[in-house]
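These notes are about the structure you will find just below.
The values are calculated or read from the model by the stated rules, or taken from the named source; none is laboratory data. As the structure is a prediction and not an experimental result, all values here were calculated from the model. Cβ atoms come from the backbone with ideal geometry, glycine included; neighbour counts cover every protein chain shown.
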Amino acid sequence: MSTSLAICGGPRTVPEGLIAPWPPTTPLDEEMVLRSLRGHKHAWGDNCEALQEEFARWNGNRYCLAVTSGTAALQMCIAACDLSAGDEVIVPAYSWTSSATAVLHQKCIPVFVDIEPRWANIDPDRIEAAITPRTRAIMVVHLHGVPADMDPILDIARRHDLMVIEDACQAHGSCYRNRRAGTIGHCAAFSLNQNKMLSAGEGGLFVTDDPQLLERARAMMLFGDFRKPLDDPDYHSYGMGWMIRYNDLCAAYARAQLRRIDDYIDRARRLFAVMRRELAEVRGLILPSEPAYATENGYNFVCHVDAAAMGYGGPPNFLREAVVSALSAEGVPAMVWQRRILPEMAAIAARNAYGRGSPWREHGSTVAYDPAGFPAALHHSGTYFIIGGLRYPNDEKLARLLAHGVRKVFENIGTIDIDDLARRADVSMYERGWKFRT
Ligand SMILES: *Cc1c(COP(=O)(O)O)cnc(C)c1O
């Protein structure tokens with residue numbers, strides 16, 4: 001093995017063009033999308049209805065509604081739970097912004113709870129301290145495809161009479177004690193965005209088993225018209241609505257992908273196992289583990305840098321940025337998704353979602369958003385990185401090559417100037433409005 005890192009001018013480990021992009025498409029995708037195109041029912045059509053039925057059957061839900069995005073489906077969850085302006089919703093301090101903004105869009109108030117450090121999901125032990133007389137729901141996120149520990153959360157919800165919403169946007173096919181993500185709470189949202197395990201360009205799915213929740217969610221789909229999208233319209237808005245129903249072309253694509261999702265999950269899990277085997281002994285690298293209570297879907301292979309083990313005394317996120325830069329140079333698709341925790345997001349930190357301090361102002365909310373109150377979320381966001389490329393049709397041989405590149409970087413990290421690399425990464429991040437925490 002060459003010990004000269006690619007970032008220092010050495011040969012790169014993974015040749016360009018070797019990693020297949022996501023998602024894989026086949027003649028089936030082409031045929032189904034083309035049939036929709038030629039069918040001339042491109043707005044709401046038969047593929048939308050069929051996708052709802054097929055996904056509900058695959059996942060084990062009674063009802064499913066197909067919409068434009070996972071974010072839209074999350075907002076439907078808030079409305080389906082009959083939450084109203086000023087109600088408080090508990091949200092993990094680290095997630096995609098939609099988990100919190102879906103709450104704000106319904107004029108409800110997100111109340112953050114720190115994550116547990118191992119899988120970066122909401123820490124059940126910290127939920128009760130965040131409950132107030134205004135709390136109405138808990139938004140659970142199964143982050144990176146690893147289910148949150150649901151039993152204690154359901155127990156808290158029962159005792160405090162709270163609704164449980166699952167943000168399952170990254171968790172298609174993940175299981176908690178043999179129960180599928182999206183079948184455990186009162187309702188759930190899945191995303192069909194290109195990067196997700198079920199991918200159709202864009203899209204979202206709302207699921208529930210409760211007919212009352214279904215009808216409240218449906219009311220938001222189409223201009224506040226309460227009836228099914230295919231019923232004869234009477235051009236009347238019965239309530240506040242959006243225009244977030246899905247379209248037939250994308251639904252056809254999603255149906256074609258759904259036929260292969262079990263193979264996708266199986267492959268990702270196998271490649272995760274290869275990485276865990278190959279990288280078990282790498283000093284300074286903390287590998288993701290699977291909780292005893294869960295089966296993950298292989299969505300994200302989430303690693304952490306262990307600065308102390310690597311003998312680096314600077315800020316851990318400097319080390320993380322240097323590692324990611326060095327991995328990228330080797331051709332290993334390493335990336336950091338979100339570097340900020342939710343309470344740091346400007347829309348939330350400035351308490352100004354809908355102008356003039358709304359919705360906090362009119363409800364006199366003084367909920368605390370100081371990032372220092374969420375140390376586990378800060379630590380996670382400053383030390384993690386994701387290794388990509390571990391999905392179908394990429395195979396075990398490729399996974400071994402990626403692992404080889406990771407080993408090379410960690411074993412030779414002493415040959416690079418971490419602070420200099422981090423500063424250079426910082427410049428490009430800074431241009432995108434992000435600054436290192438030190
Ligand atoms: C992707 C994602 C969303 C939003 O899904 P979109 O389809 O992009 O709107 C929400 N929550 C989490 C955790 C996600 O990863």
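Only residues in the range 193-205 that are within 14 Å of T68 (Cα to Cα) and within 9 Å of the ligand (Cβ to nearest atom) count as the first member; pair them with residues that are of a type outside the set (A, V, I, L, M, F, W, C) and part of a strand (DSSP E or B), Cβ under 9 angstrom, at least 6 apart or cross-chain, and list the lot.
Here the result reads N193/G204; E202/S191; G203/S191; G204/S191, each pair linking the range 193-205 to a residue that is of a type outside the set (A, V, I, L, M, F, W, C) and part of a strand (DSSP E or B).
If V14 satisfies all but one of (1) more than 30 Å from G388 (Cβ to Cβ); (2) in contact with a Pro (Cβ under 9 Å, 6 or more places away or on another chain); (3) not in a helix (DSSP H, G or I), what's the number of the condition it fails?
For V14, the failing item is (1).
Just to be sure I understand the filter: pairs with C-beta atoms under 8 Å, separated by 6 or more residues or on different chains, first member in the range 226-251 and within 26 Å of V33 (Cβ to Cβ), second member assigned to a loop (DSSP other than H, G, I, E, B) and among the basic types (K, R). Which pairs pass?
Pairs that qualify, where the first residue is within 26 Å of V33 (Cβ to Cβ) and the partner is assigned to a loop (DSSP other than H, G, I, E, B) and among the basic types (K, R), are D248/K41.
Okay, residues lined up against (1) at pLDDT 95 or above; (2) in contact with a strand residue (DSSP E or B) (Cβ under 9 Å, 6 or more places away or on another chain); (3) part of a loop (DSSP other than H, G, I, E, B):
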{"position": "L104", "(1), (2), (3)": "yes, yes, no"}
{"position": "P110", "(1), (2), (3)": "yes, yes, no"}
{"position": "A120", "(1), (2), (3)": "yes, yes, yes"}
{"position": "D125", "(1), (2), (3)": "yes, no, no"}
{"position": "R136", "(1), (2), (3)": "yes, yes, no"}
{"position": "V140", "(1), (2), (3)": "yes, yes, no"}
{"position": "H144", "(1), (2), (3)": "yes, yes, no"}
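Return the residues of the range 184-201 that are in a loop (DSSP other than H, G, I, E, B), farther than 16 Å from I138 by Cβ and touching a helix residue (DSSP H, G or I) at 6+ places or on another chain (Cβ under 7 Å); say none if nothing qualifies.
Selection gives L192, N193, M197, L198, S199, A200, G201.
So which residues in the range 165-183 are within 16 Å of the ligand (Cβ to nearest atom), more than 11 Å from the chain's Cα centre (by Cα) and under 23 Å from D82 (Cα atoms)?
Across the range 165-183, the qualifying residues are I165, E166, A181, G182.
Would a scan of the range 61-74 turn up a residue that is more than 16 Å from the ligand (Cβ to nearest atom), buried (at least 19 other Cβ atoms within 10 Å of the Cβ) and either part of a helix (DSSP H, G or I) or modelled with pLDDT under 95 (or both)?
no
Working carefully through the options I122, I131, I156, find the one that is buried (at least 22 other Cβ atoms within 10 Å of the Cβ) and either within 16 Å of the ligand (Cβ to nearest atom) or touching a residue at least 12 places away in the same chain (Cβ under 8 Å) (or both).
I122
Starting from residues that are at pLDDT 95 or above and surrounded by 13 or more Cβ atoms within 10 Å (Cβ to Cβ), keep the ones in the range 8-17 and report whichever is nearest to L271 (Cα to Cα).
V14
Go through the range 312-347 and give me each residue that's over 23 Å from the mean Cα position of the chain (by Cα) and outside any helix (DSSP H, G or I).
Y312, G313, G314, P315, G331
Examine the range 314-327 for a residue that is in contact with an Asp or Glu (Cβ under 8 Å, 6 or more places away or on another chain) and outside the structural domain of L398 (by TED's automatic domain parsing), and state whether such a residue exists.
No: zero hits.
Can you confirm whether the range 114-126 contains a residue that is aromatic (F, W, Y) and under 30 Å from M240 (Cβ atoms)?
no
Only residues that are among the hydrophobic types (A, V, I, L, M, F, W, C) and in a strand (DSSP E or B): list them for the range 290-311, please.
Residues satisfying the conditions are A294, F301, V302, C303, V305.
Any residue in the range 92-110 that is of a type in the set (G, A, S) sitting within a Cβ distance under 8 Å of a residue that is assigned to a loop (DSSP other than H, G, I, E, B) and within 13 Å of the ligand (Cβ to nearest atom)? List the pairs, counting only those 6 or more apart or interchain.
Short answer, once both residue conditions are applied: S98/C169.
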